[in-house]
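What follows is a set of notes on a single structure, which appears directly below.
The values are calculated or read from the model by the stated rules, or taken from the named source; none is laboratory data. Everything quoted here is computed from the prediction, not taken from an experiment. Cβ atoms come from the backbone with ideal geometry, glycine included; neighbour counts cover every protein chain shown. Calculation scope for accessible area: heavy atoms of the full protein, side chains included, ligands and nucleic acids excluded. Shrake-Rupley method; radii C 1.70, N 1.55, O 1.52, S 1.80 Å.
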Amino acid sequence: MSMNSFGHLFRFTTWGESHGPAIGATVDGCPPGVPLEADMLQHWLDRRKPGTSKYTTQRREADLVRILSGVHEGQTTGTPIQLMIENTDQRSKDYGDIEQKFRPGHADITYWQKYGIRDPRGGGRSSARETASRVAAGGVAREVLSTLAPEVSISGYMVQMGPHRIDRSRMDLSEIERNPFWVPDAKAAADWAEYLDGLRKVGSSVGAVCEITVSGLPAGLGAPVYAKLDTDLAAACMSINAVKGVEIGEGMGAAVLTGEENADEITMGPEGPEYCSNHAGGILGGISTGQDIVVRFAVKPTSSILSPRQTITKAGEPAEIITKGRHDPCVGIRAVPVGEAMVACVILDHLLLHRGQIGDGPRGQIG
């Protein structure tokens, strides 16, 4: 079965393993005539790559992307785009001790139970290394969006690390690029640095919550029932390594609200409908409202820690394991650009689906 592809009209397939010679993505469904160079994609990969600060894994990968097909003289041709990223800093010996043991919290045991074979070198396909391919594909999606819908912008940031949340009254998106946590709160960034330093030094880890906001998206994207925009956004974010929960808009918080509190009241503005709030996260009935799309996902703590954990061997014998190697003390940091990439792919996919069904003609007019 082929389960390595994502998307409908704009579709990408990722390939490769954490400690193999290379990883990459094949992007299909990209419209022709879109300006595209490797440097345009490299910008996004540089934000995700390891070793950018002491708070991420110290594996040193340049993550240089090469475009092998689908582009001629700086423009997409409409044919499949093959993207390749070579692995250059594998240390497979770090995983020699765990070849016969299953790491708690990892996919080792389930891959073994399903396939009867697994790649112990960094987790193979289950490794977060795979997400570099997604970011490359997301870079293609961003370039297409900049051509077809230049008013659309996508911003990702962390809103929680462990028990520590940002103060939204201090929220400033310009702070995102000024700290290693992609957090729009300067005070939170300073506090989190001290908190994560303590965990990092003892070889522990912590979870996080990331938020992705899409602005400038018109109303009408998405479709009823099985092609809802929020359905695909949730699937996209849930597919990211270590993600254990996704919510749109108010999300789980809607469960404690009354109907009066949760309903986003509507007024008529000079340019069309306006909403008094955005508990829906910019989506009603699976279709975009024209408000900001707001998606959040929760990332579990990195399972690779230095504290001894109980486990079993392939033979079913009890064992103790310490996971050595180079790992992120908080996966949420590098999950931000991955989340942005996945959301970009979904937004472009639904834009193309919408145009295919509705076209660019007039739709339901209000007023």
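Things to note:
- Among residues of the range 105-121 that are within 15 Å of Lys324 (Cβ to Cβ), those with a Cβ under 7 angstrom from a residue that is modelled with pLDDT of 90 or more, sequence gap 6+ or separate chain, pair up as Asp108/Phe102.
- Of all residues in the range 139-173, exactly one satisfies the criterion of being crowded, with 22+ Cβ neighbours inside 10 Å and part of a loop (DSSP other than H, G, I, E, B), namely Ile166.
- Selection of the range 228-247 for residues being assigned to a loop (DSSP other than H, G, I, E, B) and open to solvent by 40 Å² or more (accessible area, probe 1.4 Å) yields Lys228, Ser239.
- Of all residue pairs spaced 6 or more apart or on separate chains, those with beta-carbon atoms under 6 Å, a first member in the range 233-254 that is farther than 17 Å from Asp292 by Cα and a second member that is assigned to a loop (DSSP other than H, G, I, E, B) and at pLDDT 95 or above are Ala242/Lys300; Lys244/Lys300.
- Of the strands (runs of 3 or more DSSP E) contained entirely in the range 276-344, those carrying at least 1 residues that are open to solvent by less than 20 Å² (accessible area, probe 1.4 Å) and among the aliphatic types (A, V, I, L, M) fall at 293-299, 318-321.
- Answer residue from the range 169-211, given it is of a type in the set (D, E, K, R), within 15 Å of Pro329 (Cβ to Cβ) and out of contact with any Pro (no Cβ under 6 Å at 6 or more places or on another chain) and is modelled with the lowest pLDDT among those: Lys201
- Residue tally, condition open to solvent by 70 Å² or more (accessible area, probe 1.4 Å) and either part of a strand (DSSP E or B) or closer than 12 Å to Val27 by Cβ (or both), over the range 65-78: 4
- Of all residues in the range 168-183, those being without any contact (Cβ under 8 Å) to a residue 24 or more places away in the chain and hydrophobic (A, V, I, L, M, F, W, C) number 3.
- Residue list for the range 256-268, filter: open to solvent by 90 Å² or more (accessible area, probe 1.4 Å) and under 30 Å from the mean Cα position of the chain (by Cα): Val256
- Selection count where residues are aliphatic (A, V, I, L, M) and either open to solvent by less than 20 Å² (accessible area, probe 1.4 Å) or touching a Leu at 6+ places or on another chain (Cβ under 7 Å) (or both), scope the range 113-138: 4
- Condition check for Glu250: out of contact with any Ser or Thr (no Cβ under 7 Å at 6 or more places or on another chain) and crowded, with 17+ Cβ neighbours inside 10 Å: yes
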